[in-house]
Structure formats: C-alpha cells, structure tokens
Amino acid sequence: MAKSRPAPAQSVPILHARFVRATDGANMGDPVSFAEELILDDVYEVAADARPERLSIQTSTANSFFVAEDTSVGTPGAALFLDSALTFMTREGQTQEALLLVEVDADGNAAGIYLLPLSAMTPQTEYRLVGIDTQTPLQKFAQVACVSFTRGTHITLASGEQRVIEELRVGDRLLTRDDGVQHLRWIGQSTLRAVGEFAPICITAGTLNNEHDLVVSPDHRLFIYQRTDEVGAGRAELLVKARHLVNNDTVRVLDGGFVDYFQLLFDSHQIIYAEGIAAESMLIDTRTKPVLPDELAEAMGDVIPGHSDLPHAGLDVEKGLLNRPDAAELLRKASTR
C-alpha cells in the first residue's frame, strides 16, 4: 500500500527583506517588498552583514506552500505565498533573477518577506530593478524545484540500450526498478544559470559504481540498496540527495556558466537508471506542476496516483547521517557487499 506522507521539504537560501534595501529611487531607504509596492528603476543593495538563511518549504494538498518544521527562518506551519519574480541588472549589464516569497500569519497578515536569489547577490553591489513579473513566479520556482538530469546523461531503455537523454522521445519504453517497463509521458527542458545553490552536482565515474560521470540537479535523489547498513539509516532502501554527498573530490559542485536540465515524467514516480545509477524521475507536486504544459497539467488533475500517494515515501536519508566526507564511499560499499 502506498504511503500518504508529504513530499520531501525543499530547503532554499533566502535573504530577509530587511537586508535588501533601495539606495536610490522612489522607495529609497525601504526594504524590498510586494510587487505592488515596487517601482522599476529603483536601485537596491544587499547589506554588508547580510547572511543567507535556510527557509524550508513544504507543499500541501491544497496547491499551496507552508514553512516546514526543519527551517531556520520563519514559523513552521505558516503559509507561504510566491508574490513575484524580480529581475535586477548590475552596472555591468548582468541580469540577476530572484523570487519574492511572503510568509502569512493566521490572520492573513504578512509575517515575513524573503528574497530567493536564483544566483548569488553580492553585498554592497548596485542592483537596478528592471523587471517585476507576477504572472510566472510559480513556473520559475518549478524550474529550480524539479529534479533534473543534464545534457549527455545516458538513460537505460527497456532493451538495455543506453541512450543520451536529449535523444529520448515521448512514448519511449524505459526500464524502471519497481514497475518494469514504463512509457515516458513527457520530457521537459530548461536552461538555468549553474551558480551557487542551483549549480549541478557531478558524481564522478566509479563513485557509486557508475561507469561514467553522472551530473544531476542538487536535490535529485539517488536510490541506494544497502546490503549492509553502513550509514546507520536502519533500513536497506535509501533515497539520498546528490547535494548531501558533496565532498569536493569524487562528488563536487559544477559552479559556473549555464546548464541544460531535462525532466523525465511517467504516469507515476519511478526509479530509473542514469549512467547505471538508480535515480528518481520527476515527481509532480505543488512546486513542480506549474512547469508542465497547460493541457498536460489539466489532464493529470490535482490528485495523481503514483505521485500524490508517494510510493517511495519514507526512504529519504537525514542529512546528518551523510555529513561526513566518506559518505559516498560508504554507500558504494554498502551496495556491493
């Protein structure tokens, strides 16, 4: 029987609005705020003493977000609203996108305003506000929330063929761990800046018994079957986020430039094989659904068996168990002994 647990929370680095203030323009002296209060061409700076904080975001069945329990900012259980997507420009002409999130208390009042930069914002640098988008913030958030493979990744087909992901087509028959052969329902593609928190993770060849490097989005979960419980999880089947294995050696962040991300969707959440490593396919929830084409999102409805009932719930490994430089090596040994 499928387990009805919530999808895993997503922890993102935010700047509290009080640390991002207008230094020139109509709102001079004021912190960044709701879209309706912002004025194009105002100049903002991040305070010298600003430090990113971790906001943990959880989805609900009501197509909304709330602050998860393991957060370092905000009130657990409080509602979160994606207000807008903002675009800033530096003096050098470089653009910087950020999402504006609002925490709402039980009375419907704003309890906190947070800026989620999609790439690092440097303190005491002038950022001119050149775009205010209230129509597509959900889609932009979905792009960074989706688990994704990168261009050139070899995916295992039902025949055993290893095909690069950019050559896959809707309807292709792929091998899954739990449900045998499954047809590919949809393929998404996006190009994002490969910087900071959203830069891809490279798991080098041999690290998890993979023949070639595997490069995935940082929150992509890998499936590990432990023959021996090397990390103390208390179970054999594990889902491990790629970012939690980073050791700056065999598992490292590829920071810089841009990255082509691909999302693979099935009728249900699946474990497939990428460069020989078992890894999850796209999971549809409140965060990721806006990335789908309108007609597909409508056809799938609000409650999607195999996505809403979370067949792989309860397999996630706590970050603390992997907070060691040899975590990847322990998992490799655990899967082969």
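What about PRO305, is it open to solvent by 20 Å² or more (accessible area, probe 1.4 Å) and in a loop (DSSP other than H, G, I, E, B)? Spelling it out, PRO305 is indeed open to solvent by 20 Å² or more (accessible area, probe 1.4 Å) and in a loop (DSSP other than H, G, I, E, B).
Among ALA50, ALA9, which is small (Gly, Ala, Ser) and in contact with a helix residue (DSSP H, G or I) (Cβ under 7 Å, 6 or more places away or on another chain)?
One residue alone meets the criteria, ALA50.
Inside the range 78-113, residues that are crowded, with 16+ Cβ neighbours inside 10 Å, of a type outside the set (A, V, I, L, M, F, W, C) and farther than 17 Å from ARG287 by Cα make up a count of 4.
Within the range 128-145, residues that are within 12 Å of ASP83 (Cα to Cα) and open to solvent by 70 Å² or more (accessible area, probe 1.4 Å) sit with their Cβ atoms under 6 Å from residues that are small (Gly, Ala, Ser) and outside any loop (DSSP other than H, G, I, E, B), at 6+ positions apart or across chains, in these pairs: THR134/ALA35; THR134/SER84. If you go through the range 269-277 one residue at a time, do you hit one that is surrounded by fewer than 18 Cβ atoms within 10 Å (Cβ to Cβ), at pLDDT below 95 and more than 18 Å from ALA145 (Cα to Cα)? Looking through the range 269-277, at least one residue is surrounded by fewer than 18 Cβ atoms within 10 Å (Cβ to Cβ), at pLDDT below 95 and more than 18 Å from ALA145 (Cα to Cα). Filter the range 168-198 down to the residues that are under 27 Å from PHE258 (Cβ atoms) and of a type in the set (Val, Ile, Thr) and list them by number. Listed by number, the residues that qualify are VAL170, ILE187, THR191, VAL195. In the range 236-249, which residues are farther than 19 Å from GLN10 by Cα and either in contact with a His (Cβ under 8 Å, 6 or more places away or on another chain) or open to solvent by less than 50 Å² (accessible area, probe 1.4 Å) (or both)? Scanning the range 236-249 gives ALA236, ASN247.
What about PRO325, is it farther than 25 Å from PRO137 by Cα and not aromatic (Phe, Trp, Tyr)? Considered against the rule, which asks whether it is farther than 25 Å from PRO137 by Cα and not aromatic (Phe, Trp, Tyr), PRO325 comes out as yes. Scanning the range 250-268 for residues that are among the aromatic types (Phe, Trp, Tyr) and open to solvent by 50 Å² or more (accessible area, probe 1.4 Å) turns up just one, PHE258. With respect to the stated conditions, SER84 fails to be of a type in the set (Ser, Thr, Tyr) and modelled with pLDDT under 95. If the condition is being surrounded by 16 or more Cβ atoms within 10 Å (Cβ to Cβ) and of a type in the set (Lys, Arg), then the range 14-56 contributes only ARG21. Could you list all residues from the range 158-178 that are open to solvent by less than 80 Å² (accessible area, probe 1.4 Å) and touching a residue at least 24 places away in the same chain (Cβ under 8 Å)? Once the filter is applied, which keeps residues that are open to solvent by less than 80 Å² (accessible area, probe 1.4 Å) and touching a residue at least 24 places away in the same chain (Cβ under 8 Å), the range 158-178 yields ILE165, GLU166, LEU168, LEU174, LEU175, THR176, ASP178.
Got a sec? Which of ALA35, ALA50, ALA79, ALA85 is closer than 17 Å to PHE141 by Cα and over 21 Å from the mean Cα position of the chain (by Cα)?
ALA35
Only residues that are open to solvent by less than 40 Å² (accessible area, probe 1.4 Å) and at pLDDT below 90 were counted in the range 202-235, giving 3.
The values are calculated or read from the model by the stated rules, or taken from the named source; none is laboratory data. Being a predicted model, the structure only gives us computed values, none of them experimental. Note that each Cβ is placed from the backbone with ideal geometry, even for glycine, and that neighbours are counted across all protein chains shown. Just so you know, the surface numbers come from the protein's heavy atoms only, side chains and all, with ligands and any DNA or RNA stripped out. Shrake-Rupley method; radii C 1.70, N 1.55, O 1.52, S 1.80 Å.
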